[in-house]
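*Asks:* Let me give you the structure first, and then I'll get to my questions.
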Amino acid sequence: MTINEALSEGRTAFTEHHLETPFLDACLLLAHTLGRTKEYILASGPDPVDEKSLVTFRSLVARRLENIPVSYLRGVKEFYGREFLVDPRVLVPRPDTETLVETVLSLLHARPEPRTVHDLCTGSGCIALTLKLENPYLQVSASDISPEAGEVFRENCRRLGVSVPFILSDLLSSVPGTFDIITANPPYLTDEEYAAMAAAGWPEPRVALAGGLEGLDIFMRLIEKSVASLAPKGYLVCEAAPGQFEALGKAMEKAHFSSVEVTRDLAGRERVIIGQV
Ligand code: GLN
């Protein structure tokens, strides 16, 4: 069987199961199987796939049909140009979260004094480690309520050759000190949205996704508590879902943030809220 034929077999199976990106999924899984990039796969259509690789590829296709995300099958996900280890202990980094990183980088660019950054609900560490790697002078620390996420975070530190302290903490409760910037991509899906994903067998951790009835439970606690952990003129920068910004803006005003702004993701949807104390 050729690369093209294997891709076509995978794509057909994924299309029949109504997956969103059937060709891309097939391509990434075949690239993973053969230890090649997806660009190599796309450029090598007529090349043969050996029997052993075909068996591996077909078993990955079967697992993808069980609704396991491609990133868990590959064990890695690209974020801001780097590869992060991911598995069911952590949320898979989303491209939308790069908007949060960009927002923080532009804050740093506009006002270079901020030195200390703490990333809450850090998971794989994609935000914290990216900020540290992009700006090595920053003092970055991170926390998460999940000890399993802490394990993945530390593996990512080793893999990317960066040292960022991890604190096991329910939001800021065990995090000492104050910070110039606090970042967070907290769980913000509504219980209903999460229940639909869980019913479809989606394996990402509940603790990383489910944010209560309207998805705002963790946010409300976070906004209230973060004020005491922000340095003067410090920023709280959080990712949220497009429909949540009015409620978040009001909560920030109530918590005495002096200014609140919103930035949009690449699809033009409201995605990141920035509050300054
Ligand atoms: N953006 C994620 C999703 O839609 C949710 C991430 C989160 O809850 N922090 O699946």
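The values are calculated or read from the model by the stated rules, or taken from the named source; none is laboratory data. None of these values were measured; they are calculated from a predicted model. Every residue, glycine among them, receives a Cβ derived from its backbone with ideal geometry; neighbour counts consider all protein chains shown. The protein model used for the area step is the full one, side chains on, heavy atoms only, and it has no ligands, DNA or RNA in it. Shrake-Rupley method; radii C 1.70, N 1.55, O 1.52, S 1.80 Å.
*Asks:* Would you mind counting up the charge near PRO114? Only other residues with Cβ under 11 Å from its Cβ, with Lys and Arg at +1 and Asp and Glu at -1. Intermediate results must be reported in sequence, preceding the final value.
*Replies:* Values: positive: ARG111, ARG115, LYS233; negative: GLU113, ASP180.
For residues surrounding PRO114, the net value is +1.
*Asks:* If I fit a long axis through the Cα atoms of helix 147-160 and take the longest principal axis of the Cα atoms of the chain, what angle between them do I get, 0 to 90°, rounded to 10?
*Replies:* 70
*Asks:* How much solvent-accessible surface does SER59 expose, in Å² to the nearest 10, with a 1.4 Å probe and all protein chains in place?
*Replies:* SER59 has an accessible surface of roughly 60 Å² with all protein chains in place.
*Asks:* Same structure, new question: Largest first and to the nearest Å, give the Cα extent of segment 159-277 along each principal axis.
*Replies:* Extents along the principal axes, in whole Å: 45, 37, 28.
*Asks:* Per residue of the chain, what 222 nm ellipticity follows from adding -39500 (n - 2.57) for every DSSP H run with n ≥ 4, rounded to the nearest 500?
*Replies:* Computed ellipticity for the chain at 222 nm equals -13500 deg cm²/dmol.
*Asks:* Which whole-number percent gives the relative contact order of the chain, counting Cα pairs below 8 Å spaced six or more residues apart? Numbers along the way, then the final one.
*Replies:* Values: 495 pairs, mean separation 39.1, N = 277.
Once divided by the residue count of the chain, the mean separation gives 14 percent.
*Asks:* Can you give me the Cα centroid spacing of segment 12-51 and segment 56-95 in angstrom?
*Replies:* 14
*Asks:* How much accessible area per residue does the chain have, counting only protein heavy atoms and a probe of 1.4 Å, in square angstrom? Write down the numbers at each step before the final one.
*Replies:* Working: 13140 Å² over 277 residues.
Value for the chain: 47 Å² per residue.
*Asks:* To the nearest 10 Å², what's MET197's accessible area with a 1.4 Å probe?
*Replies:* 50
*Asks:* Quantify, in whole percent, the carbon and sulfur part of the accessible surface of segment 89-218 (1.4 Å probe; protein heavy atoms only). If you can, show how the numbers build up before the last one.
*Replies:* Numbers: 3010 of 5450 Å².
After summing per-atom areas, the C and S share lands at 55 percent.
*Asks:* For segment 1-75, with the dipole built from +1 on Lys and Arg beta-carbon atoms and -1 on Asp and Glu ones, taken about the Cα centre, which of LEU54, LEU34, LEU73 lies farthest toward the positive end?
*Replies:* Projecting each Cα onto the dipole axis, the largest value belongs to LEU73.
*Asks:* Still on this model: Find out how many positive minus negative residues lie around GLY35, taking Lys and Arg as positive, Asp and Glu as negative, among other residues whose Cβ is under 13 Å from that of GLY35. All intermediate terms of the calculation are to be shown ahead of the outcome.
*Replies:* Details: positive: ARG36, LYS38, LYS52, ARG74; negative: ASP50.
The answer is +3.
*Asks:* Follow-up question, since we're still on this one. How large is the charge dipole for segment 98-208, taken about the Cα centre, if only the Cβ atoms of Lys, Arg (+1) and Asp, Glu (-1) carry charge, to the nearest 20 debye? Don't skip to the end; give the middle numbers.
*Replies:* On the way: 7 positive and 15 negative charges, 98 e Å.
That gives segment 98-208 a dipole magnitude of about 480 debye.
*Asks:* So, one more: Relative to the longest principal axis of the chain, what angle (0 to 90°, nearest 10) does the C-alpha long axis of helix 217-226 take?
*Replies:* 40
*Asks:* Continuing with this model, one more query. Can you run phi through the Karplus equation (6.51, -1.76, 1.60; θ = phi - 60°) for segment 188-203 and list ³J(HN,Hα) in whole Hz, with x for Gly and Pro?
*Replies:* With the stated coefficients, segment 188-203 comes to 9, 6, 6, 4, 5, 4, 5, 4, 5, 5, 5, 5, 7, x, 5, x Hz.
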